[in-house]
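K.L.:
Please find one structure pasted underneath; my questions will follow.
The values are calculated or read from the model by the stated rules, or taken from the named source; none is laboratory data. Remember, it's a predicted structure, so these values are computed and weren't measured experimentally. Cβ sites come from the backbone with ideal geometry, for glycine too, and all protein chains shown count toward neighbours. All accessible areas refer to the heavy atoms of the entire protein, side chains included, with ligands and DNA or RNA removed. Shrake-Rupley method; radii C 1.70, N 1.55, O 1.52, S 1.80 Å.
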Amino acid sequence: MTFKQDLHLSRKPLAGFVAIGAAWATYFAQMPVVKAQVGATDAQYGMALLLAAFGAVAAMWLAPLCRRLAGGFAVSLGIVVVAIGMLAAGTSNTLVLLTGAMLLASTGSGVVDVLINARVSEIEETSRRPLMNLNHALYSFAYAAGALCTGALRQAGVGPEASFTLLLIVLLVLAWAARDVAPADEPSGQIGVAPVSRPLVLLTGGIVLIGFLTEAATEGWSALHLERTLDGGPGEGALGPATLGLTMGLGRLGGHILTARMRDTTLMMGAALFSACGVALAALAPTVLLGLTGFALAGLGISVVAPLAMALIGRAVPPAQRLFAISRVSVIGYGAFFFGPPLMGLVAEGFGLRSAFLLISGLLCVTAIVLIPALARRISV
């Protein structure tokens, strides 16, 4: 089966991946303007994002109910909610309005995130094709494209209102493309009441959490590490998160190819160790070039860990439990965005950014040596 056929198989959830990637890239690229527009301090803005993140977690928890009520239109409706929230954020003139808009966008994004991962897992089962890395790769590329396009618009003097209006149109088109049918094996009763192995969910969730923690730490702190620790310039600092995004997209495309040739858990262990080496290199690097090389290697490795973990639990549980299990794993994994920034900040404050990144490298080693083998034994793959 060809790459083009794989894209066709997952085209419905793929529209969701592209939508949330483009939406959040547009927002974060416009974030300095939006923040200044509402007159928020750093602390106030951080609290607004934290409140919005709670909306995403709640939505992930309730995603099975959303698909039960809306069926195949649940993802499309979630994308529409994201579009409305993003437009409201771009036109907000007070912190209260911005917080409400971000809460709305995060809620829609949380629902879409869980449902598209579950849908890809279902398509993988029926088609016998590995599709999770491919879809996550397109998310990474959509994020990169959204950031670049928004940056170009800002450079041309286009304000946030016009940018978010254009985003609204793009998201509405993607919402139409995401229209799907609920799987035939969707239980008619309450979704998720069947017992799911708690150790399986916790193990998988822990792996996803460390994967997201590595992504968040590198995206949020690589620029500061390159500029402050390694004396790089602002342009060099910006290359940190940009390098991560590009290599993660490439890594997921590579993972899509490799999953047809090796066991998923073997690939995950190797990828986690590879990423650990990359993060350690970035932490210990004496120059900006070596620091960027480390972050590039980290992105290549960590790119496949979370998608493969999602795919594994999707195959390990019965179809009636799949959506419930993926939603719970997503909630655990999303915890990285709550305790990750404070963890990195506290370690950096007390011991420096080099130590903070070495801690991430150590957690990746534990994931590769302990968590992934334990998951492999439990699911026997």
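K.L.:
Evaluate the distance, in nm, between pseudo-label points positioned 7 Å from the Cα of ARG198 and of LEU224 along their respective Cα→Cβ axes.
P.N.:
Label at ARG198, label at LEU224, 3.6 nm between them.
K.L.:
If you don't mind, there's one more thing I want to ask. Classify the stretch 34-119 from the C-alpha gyration tensor, please: rounded if a/c falls under 1.5, else prolate or oblate depending on whether a/b exceeds b/c. The partial results should precede the final answer.
P.N.:
Numbers: a/c = 3.43, a/b = 2.12, b/c = 1.62.
Verdict is prolate for the stretch 34-119.
K.L.:
Right, another one. At 222 nm, what value in deg cm²/dmol follows for the chain if DSSP H runs of at least 4 each add -39500 (n - 2.57) and the sum is divided by all its residues, to the nearest 500?
P.N.:
Numbers: 16 runs with 310 residues, N = 381.
It comes out at -28000 deg cm²/dmol, rounded to the nearest 500.
K.L.:
Quick one: if you stick a label point 7 Å off each Cα along the C-beta vector at VAL181 and ALA152, how many nm between them?
P.N.:
Those two pseudo-labels are separated by 3.9 nm.
K.L.:
Just to be sure I understand the model, the point goes 7 Å from the Cα along the line to the Cβ. What's the resulting THR94 to LEU65 distance in nm?
P.N.:
3.0 nm
K.L.:
Right, here's the next one. Please state the relative contact order of the stretch 226-381 as a whole percent: Cα pairs under 8 Å, 6+ residues apart? Can you show the working numbers first?
P.N.:
Values: 173 pairs, mean separation 45.5, N = 156.
Contact order relative to length: 29 percent.
K.L.:
Set the Förster radius R0 to 35 Å, insert the Cβ-Cβ distance between LEU284 and LEU7 as r into 1/(1 + (r/R0)^6), and round the FRET efficiency to 0.05. Write down the numbers at each step before the final one.
P.N.:
On the way: r = 40 Å, r/R0 = 1.14.
Efficiency, rounded to the nearest 0.05: 0.30.
K.L.:
The stretch 294-338 to the stretch 236-271: how many Å between their Cα centroids?
P.N.:
14 Å
K.L.:
Separate question: Based on the mean of other beta carbon atoms within 10 Å per residue, what is the order of 252-259, 46-53, 77-84, 152-159, most packed first? Don't jump to the answer; show the numbers that get you there.
P.N.:
Numbers: 252-259: 20.6, 46-53: 16.2, 77-84: 23.8, 152-159: 12.0.
Per-residue Cβ counts within 10 Å, averaged per peptide and sorted highest first, yield 77-84, 252-259, 46-53, 152-159.
K.L.:
Quick one, could you list the DSSP H helices from the chain stretching 27 Å or more along their long axis (Cα atoms) with average Kyte-Doolittle hydropathy of -0.5 or above? Spell out each step's value before the answer.
P.N.:
Numbers: long enough: 11-38 (38 Å, 0.68); 42-70 (39 Å, 1.09); 95-127 (47 Å, 0.96); 132-155 (35 Å, 0.42); 198-224 (38 Å, 1.11); 234-258 (36 Å, 0.55); 264-284 (30 Å, 1.56).
Flagged H segments are 11-38, 42-70, 95-127, 132-155, 198-224, 234-258, 264-284.
K.L.:
Now, a different point. Ignoring ligands, DNA and RNA, please state the percent of accessible area on the stretch 237-381 from carbon and sulfur, probe 1.4 Å.
P.N.:
Summing carbon and sulfur atoms, their accessible area is 75 percent of the total for the stretch 237-381.
K.L.:
Just to make sure I understand: if all protein chains stay in place, what is the order of ILE169, ILE210 by accessible area at 1.4 Å, largest first? Intermediate values should be presented prior to the final figure.
P.N.:
Values: ILE169 100, ILE210 20 Å².
Reading off the accessible areas and sorting them downward yields ILE169, ILE210.
K.L.:
Of [x] 20.8; [y] 24.8; [z] 22.3, which is the value of Kirkwood radius over Cα pairs in Å derived from the coordinates here?
P.N.:
Structure-derived value, by its label: [x].
K.L.:
Averaged per residue, what accessible area in Å² does the chain show with a 1.4 Å probe, protein chains only?
P.N.:
Values: 15760 Å² over 381 residues.
Ligands and nucleic acids excluded, the result is 41 Å² per residue.
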